[in-house]
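**Q** Quick one: this structure, given as structure tokens, is what I'll be asking you about.
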Amino acid sequence: SQQGEEDPQALSIQEGENATMNCSYKTSINNLQWYRQNSGRGLVHLILIRSNEREKHSGRLRVTLDTSKKSSSLLITASRAADTASYFCATELQTGANNLFFGTGTRLTVIP
Amino acid sequence: KAGVTQTPRYLIKTRGQQVTLSCSPISGHRSVSWYQQTPGQGLQFLFEYFSETQRNKGNFPGRFSGRQFSNSRSEMNVSTLELGDSALYLCASSANRGGYGYTFGSGTRLTVV
């Protein structure tokens with residue numbers, strides 16, 4: 001079974017609004033990563049947060065990690081139509097495993 | 001810098017046949033991992049190769065196999081295809097053994113009829 005569950009499954013917002021996606025996982029992790037996928041194509045790595053970090057920023061992206069609750073959130077600020085995609089969280093359980101456990105994904109639609 | 005290249009992009013096969021998919025990682029990357037994506041099961045890890053050795057394997061039947069060559073290119077083989085093998089197969093490359101993000105290819109869309 002998959003390691004993570006994402007919430008919501010689908011999200012529709014207006015351009016310029018913020019989008020927040022949540023991810024919960026089941027076991028201890030080494031790091032958590034977020035990926036974007038456009039229309040069933042390849043995954044694009046967005047950001048990685050390690051288990052000893054609580055928050056990380058990259059451009060319009062902000063990721064938080066709460067290891068006590070086994071959860072993470074991805075915030076996209078000032079969304080654009082080009083942000084329309086599916087977003088997945090993925091956990092890496094231990095260093096050296098090179099094996100990601102993916103969440104179920106959130107389908108984000110940004111309306112121009 | 002070229003990205004991860006997967007060939008072919010699309011493939012249609014008949015039940016019972018076998019198929020081989022190819023993945024060329026980013027130059028200098030020694031780790032290649034494979035994932036299967038289906039609407040029902042989502043993204044699932046198949047296996048990972050590092051320096052020609054399989055280091056990790058997911059929970060898939062023995063019909064799924066792979067290998068990695070000395071130039072780090074990897075192939076994935078599925079024998080005796082079943083309808084349920086229809087999926088998007090993605091490979092990812094990494095320079096290191098875990099702890100960093102991965103670069104994914106565009107995938108091979110396999111349809112089994």
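**Q** Where Rh denotes the Kirkwood radius from the mean inverse Cα pair distance, what is Rg over Rh for region B:1-59?
**A** Ratio of gyration radius to Kirkwood radius for region B:1-59: 0.99.
**Q** Principal axis extents for region A:5-95, Cα atoms only, whole Å, descending order, please.
**A** Extents along the principal axes, in whole Å: 35, 25, 22.
**Q** Give me B:SER24, B:SER106, B:SER79 ranked fewest to most by other Cβ atoms within 10 Å of their Cβ, as a rough exposure proxy.
**A** Final ranking by Cβ density, sparse to dense: B:SER79, B:SER106, B:SER24.
**Q** Another question, if that's okay. Considering all alpha-carbon pairs of the protein assembly as shown, what whole percent are spaced by more than 29 angstrom?
**A** Roughly 26 percent, rounded to a whole number.
**Q** Further question on the same structure: In peptide A:33-40, what is the residue-averaged number of other protein chain Cβ atoms found within 10 Å of each Cβ?
**A** If you average over the peptide's residues, the count of other-chain Cβ atoms is 3.
**Q** Let me ask another. Name the residues whose placed amide hydrogens come within less than 5 Å of the amide hydrogen of B:THR103, ignoring near sequence neighbours (fewer than 5 apart) on the same chain.
**A** Result for B:THR103 returns B:SER93.
**Q** With a 10 Å Cβ neighbour count serving as the proxy for reagent exposure, in which order, fewest first, do B:ASP85, A:ASP66, A:ASP83, A:ASP7 appear?
**A** Result, fewest neighbours first: A:ASP66, A:ASP7, A:ASP83, B:ASP85.
**Q** Still on this structure: In 10 Å bins starting at 0, how do the alpha-carbon pair distances of chain B split up by percent?
**A** Pair shares across the bins are 15, 50, 29, 5.
**Q** Given region A:67-112 reduced to its alpha-carbon atoms as identical point scatterers, what log10 I(q)/I(0) does the Debye formula return at q = 0.16 Å⁻¹?
**A** Rounded to two decimals, the profile gives -0.60.
**Q** Follow-up. Order of B:8-18, B:37-47 by packing, highest average Cβ count within 10 Å first?
**A** B:37-47, B:8-18
Rule-based calculations on the coordinates, nothing more; no lab input. Please read these numbers as outputs of a predicted model, since none were measured by experiment. With ideal geometry, Cβ positions are generated from the backbone for all residues, glycine too; neighbour counts draw on all protein chains shown.
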